[in-house]
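Notes follow the structure.
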Amino acid sequence: MKDTAFKLSDLRELFFVFFKIGAVTFGGGYAMLPMLEQELAEKRSWTTKETMLDYYAIGQSTPGIIAVNVATFIGFHKAGVLGALVATAGIITPSIIIITVIARFISNFSQIQLVQKALAGINVAVAALLTKSVWDFSKKAVKNLWGLFLLLAAFVAMYCFGVASVMVIAVSAFLGIVASFVAAMAARKTAQHLPATGSASSTEKTQSQETAPQTEKAQEEHP
């Protein structure tokens with residue numbers, strides 16, 4: 001009975017944490033990144049910021065909304081399939097409620113002057129959140145010159161030449177696999193070289209140890 005209560009409390013917490021995130025954030029998945037990091041990584045330690053970036057990368061590469069995909073991953077990590085369903089329900093429920101209320105009771109919602117002014121302010125705040133998310137994301141994702149080159153190449157491909165994001169993601173994934181394979185091969189060659197050097201050093205050490213007593217004996221016989 002205790003275990004069941006504990007699991008139910010976990011699921012309840014999962015739902016309300018993601019419900020709160022879904023209710024108070026605007027601008028989509030990337031705008032949610034700071035709050036997701038604060039609530040899930042810093043406050044509750046359900047995941048790490050590095051793992052969060054991996055979830056975002058996978059969420060960007062898979063069908064669906066990024067924030068919903070991330071909620072599904074976190075829920076599954078926390079409480080399995082049921083946790084994934086509960087976390088997903090939590091993050092989409094506020095949107096369903098708000099959109100239903102707007103559609104049911106308010107006609108020409110976007111034409112209301114007060115709403116237009118509010119959205120203008122919200123858009124500025126979302127732009128700030130997106131800028132911070134991109135900056136934090138790039139600092140954690142770009143760890144060497146290869147990563148910096150890939151970042152710049154992807155940006156130029158999309159911004160200057162209009163390459164589809166799906167193609168950029170696919171090519172980047174392929175290049176990442178190739179780079180990791182090359183790094184693994186280089187590390188293997190280095191590892192194979194190190195034992196040979198070590199054995200040579202140990203052989204020289206053994207020979208010097210064997211020669212030392214003979215030298216001492218010769219010195220005693222011929223002072």
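The values are calculated or read from the model by the stated rules, or taken from the named source; none is laboratory data. From a predicted model like this one, the values you see are computed outputs, not experimental measurements. In case anyone asks, the SASA skips ligands and DNA or RNA and just uses the protein heavy atoms, side chains included. Shrake-Rupley method; radii C 1.70, N 1.55, O 1.52, S 1.80 Å.
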Q: Give the value in nm², to one decimal: projected area of the alpha carbon convex hull of the stretch 30-71, averaged over all directions.
A: 2.5
(Q) Given a 1.4 Å probe and heavy atoms of the protein chains only, how would you sort W46, W146, W135, largest accessible area at the top? (A) W135, W146, W46
Q) Leaving out ligands, DNA and RNA, what percent of the accessible area of the stretch 53-161 is carbon and sulfur, probe 1.4 Å? A) 74
(Q) If you average the C-alpha positions of the stretch 81-128 and of the stretch 135-169 separately, how far apart do those two centres end up, in angstrom? (A) 30
